[in-house]
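For reference, the structure is listed below as structure tokens.
The values are calculated or read from the model by the stated rules, or taken from the named source; none is laboratory data. Quick caveat, the model's predicted, so the values are computed rather than measured. FYI the Cβ positions are ideal-geometry reconstructions off the backbone, even for glycines, and counts take in every protein chain you see.
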Amino acid sequence: MQNISRMFQSASLKLTAWYVIGIMIISVVFSLLIYNFATGEIIARIEVIEARIANDPTLLNQISTDITKLRDRQLEQAHHNIITMLIYANIAVLCIATIAGYVWSKRILRPIELAHEAQSKFTSDASHELKTPLAVMKTELEVVLADSRAKKADYRETLESNLEEVDRLSNLSNTLLQLAKLEYSTLEWRKFNVTETVDVAMRSLGDRSDRIDVRAMKKLPNIEANPSSITELVVVLLDNALKYSPEHSRVEVALKRKTRAVEISVTNSGKGIAPEKLPYIFTRFYRADTSRSKHAEASYGLGLPLAKKIVELHRGELTATSQPGVFTRFVVKLPLSQT
């Protein structure tokens with residue numbers, strides 16, 4: 001991370017330098033033009049005055065000073081004042097351009113820097129998540145192979161355990177692929193009713209859907225969205241609610257109409273999420289439940305980031321509230337139209 005910060009700091013300074021050089025070249029060119037214009041204008045005015053004096057004998061008699069010396073002295077003073085003014089102006093431009101260029105370059109590079117840091121962290125976290133199940137599988141296989149007294153049941157138990165780890169790795173790779181596709185794919189929009197999407201999502205959960213209660217407003221308007229993505233969103237939220245709530249508790253889904261939007265809320269009881277952890281739950285590989293429970297171990301912390309990405313692509317809003325030990329609620333607001 002320090003190398004990345006230094007790299008972007010160096011890039012910011014280089015961009016600032018090129019920006020300042022460009023601005024100063026323009027400033028110097030304009031200064032020369034202004035100098036030539038100003039001195040030409042002064043000379044022209046002095047020549048007009050000289051012509052008037054030469055044509056008026058009365059004025060010529062009143063002036064005792066040498067006209068040529070007066071002219072040269074005025075021109076020299078004018079040149080000095082113009083040059084001084086332009087020097088100060090260029091110094092001011094240099095200072096302003098340096099500060100503005102640095103701020104501008106930092107602002108331009110900041111999204112790239114954040115994306116690079118996120119990619120590096122994502123790669124590191126993904127490698128760690130892949131390393132853990134692979135290490136478990138390797139250890140189990142080495143133990144059973146080294147045991148000369150191992151029986152068929154022992155081999156079967158080891159293979160079943162490894163199969164579970166393979167399933168976890170498969171789920172991880174599928175989720176990573178989904179996230180990658182959402183980053184670069186263009187979604188197709190069509191009008192449909194969210195109630196139908198919730199029904200499809202519940203059917204995909206099998207017997208666990210018996211714990212879900214759905215309350216939907218009558219005449220809920222259709223939304224313009226991508227049906228498969230919204231179905232995946234609802235599945236993630238429902239699966240998350242079922243996973244982190246007591247076994248026989250109920251999960252409530254409410255569908256409401258809001259101003260130019262449809263709201264989907266998913267509420268479950270249980271342990272909840274601590275206030276200090278709420279801001280991070282949509283971060284990839286972050287798990288609010290750090291216990292060694294079967295739910296925590298089965299989760300890679302990618303479901304909620306996937307849900308967040310889907311909502312962002314639909315120009316919607318996803319928020320979470322929780323009262324530890326009482327409830328956790330996720331609320332999705334999806335606009336009726338994408339235009």
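Within the stretch 271-302, restricting attention to residues that are modelled with pLDDT of 70 or more and of a type in the set (D, E, K, R), the residue that is surrounded by the fewest Cβ atoms within 10 Å (Cβ to Cβ) is GLU276.
Against the condition under 17 Å from LEU233 (Cβ atoms), modelled with pLDDT of 85 or more, in a loop (DSSP other than H, G, I, E, B) and out of contact with any helix residue (DSSP H, G or I) (no Cβ under 8 Å at 6 or more places or on another chain), how does ARG329 come out, does it pass? Spelling it out, it is not the case that ARG329 is under 17 Å from LEU233 (Cβ atoms), modelled with pLDDT of 85 or more, in a loop (DSSP other than H, G, I, E, B) and out of contact with any helix residue (DSSP H, G or I) (no Cβ under 8 Å at 6 or more places or on another chain). Look at the stretch 22-46: where a residue is under 22 Å from GLN77 (Cα atoms) and in the same structural domain as ALA97 (by TED's automatic domain parsing) and a partner is part of a helix (DSSP H, G or I) and aliphatic (A, V, I, L, M), sitting 6+ places away or on another chain with Cβ atoms under 6 Å, you get SER31/LEU86; TYR35/ILE82; ALA38/ILE82; ILE42/ALA78. The residues of the stretch 189-224 that are at pLDDT below 90, more than 34 Å from the chain's Cα centre (by Cα) and surrounded by 14 or more Cβ atoms within 10 Å (Cβ to Cβ), listed by number, are ARG208, SER209. Aliphatic (A, V, I, L, M), assigned by TED's automatic domain parsing to the domain that holds LYS256 and not in a helix (DSSP H, G or I): does that describe LEU220? Here the answer is yes, as LEU220 does meet what is asked. The test for being modelled with pLDDT under 85, in a helix (DSSP H, G or I), under 30 Å from THR339 (Cβ atoms) and touching a helix residue (DSSP H, G or I) at 6+ places or on another chain (Cβ under 6 Å) does not hold for LEU233.
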